[in-house]
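The values are calculated or read from the model by the stated rules, or taken from the named source; none is laboratory data. Predicted model, so just to flag it, every value in this text is computed and none were measured. When we count neighbours, we look across all protein chains shown, and the Cβ atoms used for this are built from the backbone with ideal geometry, even at glycine.
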Amino acid sequence: MRTKHTNTANSYLSISFLSVAILLLHITIANGQTTDTNTYKISLKEAVEFAKLQNKLVQAATFEETAVSEDKEDVYKAVLPDVRVNGSYQRFSGLTLFNGGLSHANTTARKPTSNSAALGIEALFNIYGGGKQKALQREYTFREKLEQLNTKDQSGIIAYQTAAQYLELVRLNEQEKFILDQVKRATARAKDIHALYDNQKVTRSDVLRAAVNLSNVRLSLEQNENDIAIANQKLVVLMNVPDAIHIIPVDSAGMIKPDIHSLLPIADAAETSSYSILKAAKSVEIQQEKVKGVQSNHKPNLSFYSGYGINYPNYLFFPPVDQAYAIGFVGLKAQYSISSRYHNKSKIAAAKLRVKELELRQQAAADNVRSEAKAFYAKYAEALTRITVNEHSVEQTEVNYRIVNNKYLNQLALLTDLLDADNLYQESQFNLVKAQTEALVIYYRLLYTSGNL
């Protein structure tokens, strides 16, 4: 059994490690600080690691883990003797004696004295309890491991959510660059069309449509800026930093993606390493120990007990003597509940049925994780293919836009064709960034599902 000193030392080392990690991470962020004191540049990895340490839900899970560890220590200490000190003092009134009913009474002093006192110590030590204490100890050992898994699971969830939100911020920031480019194109196009209109080469309808298009693009820019602010707010909440902080992603959507073949071992091992499966296995072990604890109820209980005390006056003799005396004893106490033979039967059956239920839930969790891991692996491969397709689409739509733009300036194409080409080019850029960020979101989701985040 671990001592409290060992737990305290481990807790101290853990807290020290976390403090150093947070400090180093803070220095890393501070080094990337821009001229704005509330703006920080941070990478995807740094954001994830910071959130895993600082998020409020992760901290709450850590506190619960510590609380269960204390509960376990309390269960282990229950095997120690139960020692109690008792003390009492009484001052008695006079003794009233009645003769012939209540009509004749006389009062006399209580013999041998009007004072009474006792001071003693008692100890009780359980020698055998049918295995209940050992089952309870093992149960809380498994509970402690379950809470450790809960903390890791909560940390993994926050890590995945942080990565997804960070990548959303990356997508929106890169979209803003594309929209700004589109604003420049729309502004230049509006000027060119106005010049063509002045030379009577296009109708006023083209001038108006170009102006409307420019207004719509500017509206898209404003909408995207609002989306960036919202995404930033969600990210700072996950990282548990002040709302005034503005985060600028260092990584881009075009960052290097993990090779698809490197994810196959992770997907294959998900069935045994997933947090949900490990937690389900611990729940089964906890319930099995509960079964043993219930079964111990119809077994005998043997205890050693002793006591020693000083008493006044001496009632061991008759008549009582006005004197103090000290006496002690040691003994064995055996108990057996006959009624437990029929009271405990249904409890044992119910406990065993719950074991089977949890085993089925564990198997179902394994099936779900295996299915999810394979699905995410396939989706990641699909996302990589989509990135390649969209890269070609960006190149083709860009060339197409230039061709149609030149044709329109030479009055060989309609304005509708030019605006369609511009929108197609813009959409292909959006699709590329979306595909790049979605691939990484799927990657982080697979890491969480397999218990590696």
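When Glu398, Glu372 are screened for being of a type outside the set (Val, Ile, Thr), modelled with pLDDT of 90 or more and more than 30 Å from Lys279 (Cα to Cα), only Glu398 passes.
The selection criterion, being more than 30 Å from Leu446 (Cα to Cα), among the charged types (D, E, K, R) and either in a helix (DSSP H, G or I) or free of Cβ contacts under 8 Å to residues at least 24 places away in the same chain (or both), does not hold for Lys374.
The listed residues are Gln323, Gln363, Gln396, and the only one of them that is in contact with a strand residue (DSSP E or B) (Cβ under 7 Å, 6 or more places away or on another chain) and outside any strand (DSSP E or B) turns out to be Gln323.
Against the condition within 38 Å of the chain's Cα centre (by Cα) and assigned by TED's automatic domain parsing to the domain that holds Glu176, how does Asn431 come out, does it pass? Yes.
Within the range 273-303, being modelled with pLDDT under 90 and of a type in the set (Val, Ile, Thr) holds for one residue alone: Val294. Pairs meeting the criteria (first residue in the range 100-123 and without any contact (Cβ under 8 Å) to a residue 12 or more places away in the chain, second residue of a type outside the set (S, T, N, Q) and part of a strand (DSSP E or B), beta carbons under 8 Å, at least 6 apart or on different chains) are His104/Phe98; Ala105/Leu97; Ala105/Phe98; Asn106/Leu97. Give the residues of the range 95-116 that are part of a loop (DSSP other than H, G, I, E, B) and surrounded by 11 or more Cβ atoms within 10 Å (Cβ to Cβ), sorted by residue number. Hits for the range 95-116 are Ala109, Arg110, Lys111, Pro112, Thr113, Ser114. Can you pull out every residue in the range 117-132 that is within 30 Å of Val291 (Cβ to Cβ) and surrounded by fewer than 17 Cβ atoms within 10 Å (Cβ to Cβ)? Passing the criteria: Leu124, Phe125, Ile127, Tyr128, Gly131. In this entry, Arg386 is excluded by the filter for residues that are within 24 Å of the chain's Cα centre (by Cα) and in contact (Cβ under 8 Å) with a residue 12 or more places away in the chain. Candidates are the residues of the range 408-453 that are among the aliphatic types (A, V, I, L, M) and not in a helix (DSSP H, G or I); the one that is surrounded by the fewest Cβ atoms within 10 Å (Cβ to Cβ) is Leu412. Inside the range 344-380, residues that are surrounded by fewer than 16 Cβ atoms within 10 Å (Cβ to Cβ), in contact with a helix residue (DSSP H, G or I) (Cβ under 7 Å, 6 or more places away or on another chain) and either of a type outside the set (D, E, K, R) or not assigned by TED's automatic domain parsing to the domain that holds Tyr444 (or both) make up a count of 1. Ala269 satisfies every condition listed in (1) among the aliphatic types (A, V, I, L, M); (2) within 30 Å of Ala188 (Cα to Cα); (3) in contact (Cβ under 8 Å) with a residue 60 or more places away in the chain except (2). The single condition among (1) surrounded by 14 or more Cβ atoms within 10 Å (Cβ to Cβ); (2) in contact with an Asp or Glu (Cβ under 9 Å, 6 or more places away or on another chain); (3) of a type in the set (S, T, N, Q); (4) within 29 Å of Ile327 (Cβ to Cβ) that Asn86 does not meet is (1). Take the conditions of a type in the set (Ser, Thr, Tyr) and farther than 30 Å from Ala383 by Cβ and apply them to Ser274. Does it pass? The answer is no for Ser274. What is the one condition in (1) surrounded by 15 or more Cβ atoms within 10 Å (Cβ to Cβ); (2) out of contact with any Gly (no Cβ under 8 Å at 6 or more places or on another chain) that Lys299 does not satisfy? So the condition that Lys299 fails would be (2). Among the residues of the range 303-314, those that are crowded, with 16+ Cβ neighbours inside 10 Å and closer than 28 Å to Arg341 by Cβ comprise Ser303, Tyr305. Among the residues here, Val83 does not qualify as of a type in the set (A, V, I, L, M, F, W, C), more than 30 Å from Asn115 (Cβ to Cβ) and touching a residue at least 12 places away in the same chain (Cβ under 8 Å).
Let's see how each residue does on (1) touching a Lys or Arg at 6+ places or on another chain (Cβ under 6 Å); (2) at pLDDT 90 or above:
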| site | (1), (2) |
| --- | --- |
| Leu102 | no, no |
| Ala105 | no, no |
| Leu124 | no, no |
| Arg143 | no, yes |
| Gln165 | yes, yes |
| Ile179 | no, yes |
| Ile193 | no, no |
